[in-house]
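*Asks:* This is the structure, below, for whatever I ask next.
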Amino acid sequence: MMRNRFSWAGRPAVYVALCLLAGLAFAVAPAPDFPDPGHAPMSRAKQEQLGLQAAAQVYQQMPVLPDSSPETQYIQALGKRLVAVIPKDRTWPYQFHVLAQKEVNAFALPGGPMFVNIGTITTVDNEAELAGVMAHEMGHVYMQHSAKRQRQTEVVDVIGALAGVVGGSVAETGVQLSAGTLLLKYSRKDESQADAFGAIVLWKTQYNPMALADFFRKLQASTKNGPQFLSDHPNPGNREQAIQNLVRSWPPENYKPDSPEFASVRAHAGSVHAYTAQEIAAGAKDGRWKAENVKNGAVLAGASASGGGAPSVPAAPISAIQPSGNFQSANVDGVTIDHPDNWQVIPGQQGSATIAPRAGVSGGAVAYGVVIQAVSLPNGSDGNPQQLTSAIAQSLQSGDLNVKQNGNIETITVGGMPAGSLQLTTVSPMPGPDGKPQPERDWLVAVPRGGGKAIYFVFVAPQANFDQLKPTFDRMLSSIRY
């Protein structure tokens, strides 16, 4: 029989060596890769806009350290190193800030603004833990968790409607307005995804990914200042084991030690005067933090001079706003409304739309026109016109643009259904003829529709021109059909 000329007989050493090499090739796992973030119902531009406007509100309602502080400079430098490992086509315009708050917490807003409490800096045991907290928060932005929750919470987008006012959840009706409840309170699935993302970022920046699990385990065992963070970041279960399972399949890495800056900044952070959550809430009511932040030089880059960070509308003559006498119909979430045919219909997110002259809107701000938003009431409630109108008005008044109620809520009929009607005043996003800020009048009409549904309308114009447009607004309101 012919002998196989490819036999390994007589060459055992070579055979063993090649087998060992093959085994090593199979043993070395590939480097971890970032997950696909998927798609959110909110556009990227809208997420960035929402995040910046909410960040501007943080500067009004919380004590923020200036960018010149050692803590902020360090956090920004650390954040820059973490951002550098994220694929360019999937990253966000992350920015990093520090709050003078004692409790351990950190949160990131849609689009990238992040805030880290002083209490977090002083609590972590090493730089890897701090980097892990930040990377975890970056994961929420990367995965677009807040934006993906929009359909679930039926968020009312009054930010663009009323010059950037950011509200919160309203206890009376459960209606959720603007960014308030959209930014935090993640699900356990969200937390698991943010953990995995944070671990990958740590590994790619040569920090030990297990530091993230160490931080959460330590916080879970703490009864002093951990509950605030954990209330917004629910434990997905087996957090440490899940991270261990991920890391086990990754190539070994020589993890870096703490930087010299970490020890000095953590020591300095212990000397910074910080406040409790209760003290911060009390200070926000009387405008203390807004004044102190400006005095200390803590101003959000890119925010308007008033600190609101809201978009503006270029000045336009009333001739560019004047409505046509010819009307046509538009449908918003099953509601039909007639409008001037020279005013455009701008669809929004989740049952919202703006009907306005082209010159009356810009960058999400509305100076002239009508903002329409459909909402879902909690537990299928039929709603109450007075309560619904009051809830929306109170949320608008919680902003920093001096929104005020003008008169009392009246009950009117809209499309054959009872509705609440209320006059509000604020500052227009369009400057007056003299180039200075001018007052704005907003007519809020809220209609519970039954079956857990409601819709509201905000008719918007500068105070000087509102009466001129009132007949058009009346005609639009009287045309509504369900």
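The values are calculated or read from the model by the stated rules, or taken from the named source; none is laboratory data. What you are looking at is a predicted structure, and each value in this text was computed from that prediction instead of being measured. All Cβ positions, even for glycine, are placed from backbone atoms using ideal geometry, and neighbour counts span all protein chains on display. Heads up: the accessible areas ignore ligands, DNA and RNA and are worked out on the full protein's heavy atoms, side chains in. Shrake-Rupley method; radii C 1.70, N 1.55, O 1.52, S 1.80 Å.
*Asks:* May I ask you to say which residue of 469, 422, 444, 396 is modelled with pLDDT under 90 and of a type outside the set (Ser, Thr, Tyr)?
*Replies:* 396
*Asks:* Could you list, in sequence order, all residues of the range 340-360 that are open to solvent by 10 Å² or more (accessible area, probe 1.4 Å), β-branched (Val, Ile, Thr) and modelled with pLDDT of 90 or more?
*Replies:* Within the range 340-360, 345, 354 meet the criteria.
*Asks:* Condition first: in a helix (DSSP H, G or I) and at pLDDT 85 or above. Now tell me which residues in the range 235-261 satisfy that.
*Replies:* 241, 242, 243, 244, 245, 246, 247, 248, 260, 261 - these are the residues of the range 235-261 that are in a helix (DSSP H, G or I) and at pLDDT 85 or above.
*Asks:* Go through the range 116-129 and give me each residue that's in a helix (DSSP H, G or I) and in contact with a strand residue (DSSP E or B) (Cβ under 8 Å, 6 or more places away or on another chain). Reasoning before the result, please.
*Replies:* Looking only at the range 116-129, we keep the residues that are in a helix (DSSP H, G or I), and these are 118-123, 127-129.
Within the range 116-129, 118, 119, 120, 121 meet the criteria.
*Asks:* Being open to solvent by less than 10 Å² (accessible area, probe 1.4 Å) and touching a strand residue (DSSP E or B) at 6+ places or on another chain (Cβ under 7 Å) is the filter here, so list the residues in the range 64-84 that pass it.
*Replies:* 64, 71, 72, 75, 79
*Asks:* Under 8 Å between Cβ atoms, which residue pairs at least 6 apart in sequence (or on different chains) link something in the range 276-294 that is open to solvent by 40 Å² or more (accessible area, probe 1.4 Å) with a partner that is acidic (Asp, Glu) and at pLDDT below 90?
*Replies:* So the pair list comes out as 290/400.
*Asks:* Between residues in the range 317-339 that are under 16 Å from residue 356 (Cβ atoms) and residues that are assigned to a loop (DSSP other than H, G, I, E, B) and open to solvent by less than 60 Å² (accessible area, probe 1.4 Å), which pairs lie under 6 Å by C-beta distance while being six or more apart or on different chains?
*Replies:* 321/357; 321/368; 337/479; 337/480; 338/479
*Asks:* Here's a follow-up. Can you report the number of residues in the range 304-339 which are surrounded by 20 or more Cβ atoms within 10 Å (Cβ to Cβ), at pLDDT below 90 and over 28 Å from residue 58 (Cβ atoms)?
*Replies:* Within the range 304-339, residues that are surrounded by 20 or more Cβ atoms within 10 Å (Cβ to Cβ), at pLDDT below 90 and over 28 Å from residue 58 (Cβ atoms) number 1.
*Asks:* Please count how many residues of the range 85-116 are under 18 Å from the mean Cα position of the chain (by Cα), under 20 Å from residue 43 (Cβ atoms) and open to solvent by 20 Å² or more (accessible area, probe 1.4 Å).
*Replies:* Total meeting the criteria: 5.
*Asks:* Which of the residues belonging to the range 444-482 are of a type in the set (D, E, K, R) and surrounded by fewer than 18 Cβ atoms within 10 Å (Cβ to Cβ)?
*Replies:* Correct list: 467, 470, 474, 475, 481.
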